[in-house]
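The values are calculated or read from the model by the stated rules, or taken from the named source; none is laboratory data. Just so we're clear, the structure is a prediction, and the values are computed from it rather than from any experiment. In this analysis, Cβ positions are derived from the backbone assuming ideal geometry, glycine residues included, and neighbour counts consider all displayed protein chains.
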Amino acid sequence: MKITSAQLGDAVEKGIINEEQLQQLLTLARQNPVLGARFDLTHILYYLGGMLAIGAMTLFMTLGWESFGGWGIFVISCLYAIGGISLLDFFRAREAHVPAGICAVFVVALTPLAIYGLQNGMGWWVPDAVYRDYHRFIRWNWVFMELGTLATGAVMAWRYRYPFLLMPIGATLWYMSMDLSAMLTGGRIDRELASLVSVWFGLIHILFAFWVDIRSRKSADYGFWLYLFGVMTFWGGLSSMESSGEWSRFCYMLVNLGLIGMGVLFVRKVFVIFGALGITFYLGHLAATVFKDSWFFPISLTSIGLGIILLGLWWQRHEQALTASFQRVLPAPLRELLQNRRNT
């Protein structure tokens, strides 16, 4: 729950707090800034500059760097990393936490490039792959780069505690789920096996995010990026599986309905978004295939939609009582997590 200065001013007018207390609250807020980002020009410039720097060394890497050779790439990556850590400490000393976190992510994002250069320099690299393809193609060759990135990300997250550091870790786990599929199939991507690996990897990813969420329930939101890439991996694998019939498609819809329920329970929009996409795809299949020429399908779907709206109205009236009853049976850490997330 975010409280604005306008709401505090309204509280003063209504006599809830006085002017002196208002100034003390504003002073406290300035002295203890939130680590997360805000949608203002300063933070937009921070992230725009950071994403350009990170993208230059990852997504937008050109073949020109291959002319430096493996050892050249490795040394330049290390020099960039030293510069990134120096900037990180510079911003951190001045309590500029957002640019410091971006610099930390920049250092982690350099890791696959450094490992690629090291492998190339040592003669351990395959001749038909270049670093530029790391973010474009699924290959088993990238696994060692991903393992190194996870190790670097874990050390940086442990050392600096910035939530944004979980972004490259989550993205790398997502990449690894696809590259492991390639490894298990000998480089030939089998759709069914790749989908199955993604589903199970995504589930493990989500459970890991939940564990991180529980551990960090009294601090910043460290689970956001892990949940995002975990749900993407799970949902992507589930949606790409071959459906053997209408029953399997109906089960797919139920799983997506469960994702929406989890999103409401854990206050995580990513579950709701992907769950809603899945249900939309299922309804689109019904409209285009099963009930292609039925006049009753649109009417029944409209009735269901109106029923859901009425359910929302009923839930709004009884939410507090039902939530309190449900939370009484939960373990204390999970209860604290849900309360903290609903109050942010």
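Side notes on the structure shown:
Table: residues versus (1) surrounded by 13 or more Cβ atoms within 10 Å (Cβ to Cβ); (2) out of contact with any Ser or Thr (no Cβ under 7 Å at 6 or more places or on another chain); (3) modelled with pLDDT under 85; (4) not basic (Lys, Arg).
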| position | (1), (2), (3), (4) |
| --- | --- |
| GLU19 | no, yes, yes, yes |
| GLY36 | yes, yes, yes, yes |
| LEU48 | no, yes, yes, yes |
| ALA81 | yes, yes, no, yes |
| ALA93 | no, yes, no, yes |
| VAL107 | yes, yes, no, yes |
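- None of ILE169, ILE214 is assigned to a helix (DSSP H, G or I) and either more than 23 Å from PHE106 (Cβ to Cβ) or of a type in the set (Asp, Glu) (or both) except ILE214.
- Within the stretch 274-288, one or more residues are within 19 Å of GLY223 (Cα to Cα) and not small (Gly, Ala, Ser).
- Under the condition of being surrounded by fewer than 16 Cβ atoms within 10 Å (Cβ to Cβ) and either at pLDDT 90 or above or of a type in the set (D, E, K, R) (or both), the residues counted in the stretch 258-272 number 2.
- For the stretch 282-304, the criterion of being among the small types (Gly, Ala, Ser), under 23 Å from the mean Cα position of the chain (by Cα), assigned to a helix (DSSP H, G or I) and surrounded by 13 or more Cβ atoms within 10 Å (Cβ to Cβ) is met by none of the residues.
- So ILE279, is it β-branched (Val, Ile, Thr), in contact with a helix residue (DSSP H, G or I) (Cβ under 7 Å, 6 or more places away or on another chain) and over 26 Å from ASN141 (Cα atoms): yes
- Test: residue in the stretch 69-85 that is more than 17 Å from GLN119 (Cα to Cα), more than 22 Å from the chain's Cα centre (by Cα) and touching a residue at least 60 places away in the same chain (Cβ under 8 Å): no
- Flag for ILE260 being under 17 Å from the mean Cα position of the chain (by Cα), closer than 28 Å to TYR162 by Cβ and outside any loop (DSSP other than H, G, I, E, B): no
- Some residue of the stretch 63-71 being in contact with a Leu (Cβ under 9 Å, 6 or more places away or on another chain), modelled with pLDDT under 85, farther than 18 Å from THR149 by Cα and assigned to a helix (DSSP H, G or I): yes
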